[in-house]
1. Ignoring any ligand, DNA or RNA, what whole percent of the accessible area of region 176-244 comes from carbon and sulfur when the probe is 1.4 angstrom?
2. Ranked highest first by the average count of other Cβ atoms within 10 Å around their residues, in what order do 97-110, 281-294 fall?
3. Could you do me a favour and compute the accessible area per residue for the chain, 1.4 Å probe, result in Å²?
4. Divide by every residue of the chain the summed helix terms, -39500 (n - 2.57) for each DSSP H run of at least 4, and state the resulting mean residue ellipticity at 222 nm, rounded to the nearest 500 deg cm²/dmol.
5. If I model a spin label at Ala23 and Tyr235 as a point 7 Å from the Cα along the Cα→Cβ vector, what separation in nanometres do I get?
6. Take the alpha carbon atoms of region 208-228, find their center, do the same for region 64-113, and report the distance between the two centers in whole angstrom.
Amino acid sequence: MTSTLVETEDRREYRATRRRGLAVDLSMTLATILAALVIGFLVILATGKDPVRAYEALLTGPLERSFRVGRWLEDATTLTLLGLSVAIPFRARQISLGAESQLYAGALAAAAVAIFLPLPPVLAVVVPLVAAATAGAGMGFVPGSMKARLGANEIVATLMLNAVVVRVYDYLVNGPLKQPGSSAVHSERIRPDSALTPLTDWFGIPLGRANIGLGLMLLTAVALWLLITRTPLGYRIRMTGSNADFAEYGGIRVPRAIEWSFVIGGAVAGLAGAHLVQGVYGRLEPGLAGSLAFEGIVVALLARNNPLVVVVAGLFYSYLRAGGDIMEQQTDVGTEIVVVIQAVIVLLVTAQALPDLLKRRIARKQVAQKQVGAR
């Protein structure tokens, strides 16, 4: 009976600690965003421009018209998926820069199925998504196994793989997959049944190319959070990231945990590629991802690799991207100020000491309260 009470108390304490950790991560994310906006405000002021008008366009512009909201959500869907894709390897303390190759591999796989393989209505959407996730996972497995089994540097491995896959993608889009008879460089359009349903069809208001990929992104974030916090595999990934030697000593097969972190991240990046093909462009386009793969890393860092906070960070970051374009159109302040804000965010999120200090202070305060209660 006493043992059961102790276990219940320990479980309650563990849950409380996890809630506090999430609250600290979310608070630090919001504080970082606020600090970056304040610094951006001061930079605009120093250049002699009107920061109030610029920030009004930056912060309210994306919500003024429904199609701007759609552009924001469309961008946030891809960016958040990419942030999630790098957050998982980061949890295993693996610096994966391979989201770009995984995204392009996923886009190619989704397009190949959606263009050339006739399928029944529901399968026409699902099978390309599965193909994209599988291709992305395969691209994640290569650097993951090289790091885990051969001791290769994961940064070099993922960057080199990016270079190879992007060149292969360009060759295919400019050659074998190019639409016959078209002067523009792109593939044929995917079959209509394979397209992700636009949100406009659901809500009856023009939301541009935003689609049900948004719901897929939210489900993916929740699934990854459950995976990391509630499953044995998530525990092994977290322990590997916290202390690989201790994890090994405790019986965890660290190389396998590292491989799984890359494979899962790759699958999510592959879904981002499928979203661009099935939901945004409807075909393969040159430079499909732009700089989104790199910015996904920033989103993951901003969210401190917490899958649920990645959603908040991805929505905010995409909002800035959309607002920056509107600010440039409506004021004499260019989108460079958004780059400044992004750079400040990166600088601030790399300062890990502050959240760690905050967590230690909370833990110390809790211990002191328990000691007082025990007297």
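The values are calculated or read from the model by the stated rules, or taken from the named source; none is laboratory data. Note that this is a predicted model, so its numbers are computed, not measured. Using ideal geometry, Cβ is built from the backbone for each residue, glycine included, and neighbour counts are taken over all protein chains shown. All accessible areas refer to the heavy atoms of the entire protein, side chains included, with ligands and DNA or RNA removed. Shrake-Rupley method; radii C 1.70, N 1.55, O 1.52, S 1.80 Å.
1. 63 percent
2. Answer by packing, highest mean first, reads 97-110, 281-294.
3. 48 Å²
4. So the helix-based figure for the chain works out to -25500 deg cm²/dmol.
5. Using points 7 Å along Cα→Cβ, the separation is 2.6 nm.
6. Their Cα centres are 11 Å away from one another.
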